[in-house]
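A quick write-up on the structure given underneath.
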Amino acid sequence: MAKDTSALPLEEAVRAVRVSSRRRQVLDAAVTVMQRTGFHQMSMQALADEAEVSVGLIYKYFGGKEDILLATIVDILDAFRDQLEPAMDAAGNDPVERLVAGFRRYVEIVDENLDAVVLTYRESRTLDQDGRERIKELEVATSKPLHDALDAAIAAGIASDLDVDLTTFGMMMLAHGWALKHWHFATRYTVDQYITAQTRFILRTVLSDRSTAAYRHLTE
């Protein structure tokens, strides 16, 4: 997650932006290298070559390969956590409109980070216990805006009385599916068509019978 530099003195702000840029450069390169070789086969020299930096500079920002893997996974989860709620707020107060806006933004973030999302699934088991616990906590935090919108829709009688936790994580899995099965779905759908198709599926599952017609515009 990018650091807010608005309140820093100019020189310190410039330094913070430079550090953030270098760190981003290393993490983007790490995704590329790990996709090519896997985490365990990735060497720091290969990473340095891909990022076009020195090995010493990498160690300036990260303690080792495990730190880089954790930072890569945390980075994508931070994007979900930080970007869903603003997108949902822009949709207004209607809980279903908010739910759909959140799901749309979720898939868009997946589309912007296809390799990183796949990497998260493939390599997260490599993390130590503390790292895995941190990922679990972030995943729960990521799900909260969608969970709250669905809860509000049920409370308002718009959605059926269903298992909110199960449904929320089901929606997240549908979003991740765009990355995990991109080799298949991308031959049939654009990302926007995928979002529309999955939104139609979600609303048919979630909405009560009397509410379906009022939200038909969200799937057209």
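Which residues among region 75-97 fall inside the zone where the amide N is under 14 Å from a point 7 Å beyond the Cα of LEU162, along Cα→Cβ?
96
Could you calculate the FRET efficiency of ALA213 with LYS181 from 1/(1 + (r/R0)^6), where r is the beta carbon distance between them and R0 is 22 Å, rounded to 0.05?
0.10
Express the carbon and sulfur contribution to the solvent-accessible surface of the chain as a percent, rounded to the nearest whole number, probe 1.4 angstrom.
C and S atoms contribute 51 percent here.
Tell me, what is the per residue accessible area of the chain in Å², probe radius 1.4 Å? All intermediate terms of the calculation are to be shown ahead of the outcome.
Numbers: 11750 Å² over 220 residues.
Per residue, the chain has 53 Å² of solvent-accessible surface.
Which distance in Å, rounded to a whole number, links the C-alpha centroids of region 116-131 and region 19-90?
The two parts, judged by their Cα centres, are 12 Å apart.
Under 8 Å for C-alpha pairs, at least 6 residues apart: give me the relative contact order for the chain, rounded to a whole percent.
Contact order relative to length: 19 percent.
Any chance you could give the angle, 0 to 90 degrees and rounded to 10, that helix 191-206 forms with the longest Cα principal axis of the chain?
Roughly 50 degrees, rounded to the nearest 10.
Could you tell me which label, among (1) 143; (2) 112; (3) 122, carries the value of volume of the Cα convex hull per residue in Å³ calculated for this structure?
(1)
To the nearest 500 deg cm²/dmol, what mean residue ellipticity at 222 nm is calculated for the chain from DSSP H runs of n ≥ 4 alone, each contributing -39,500 (n - 2.57), summed and divided by the residues? Don't jump to the answer; show the numbers that get you there.
Working: 10 runs with 161 residues, N = 220.
After summing the helix terms and dividing by residue count, I get -24500 deg cm²/dmol.
So the label point goes 7 Å from the Cα of ARG200 along Cα→C-beta, right? Which residues of region 90-121 then have their backbone N under 19 Å from it?
Residues passing the 19 Å test: 97, 100-101, 103-105, 107-108.
The values are calculated or read from the model by the stated rules, or taken from the named source; none is laboratory data. Just so it is clear, the model here is predicted, and its values are computed rather than measured. Every residue, glycine as well, gets a Cβ built from its backbone with ideal geometry; the counts of neighbours run over all protein chains shown. SASA here: full protein model, heavy atoms, side chains in, ligands and nucleic acids out. Shrake-Rupley method; radii C 1.70, N 1.55, O 1.52, S 1.80 Å.
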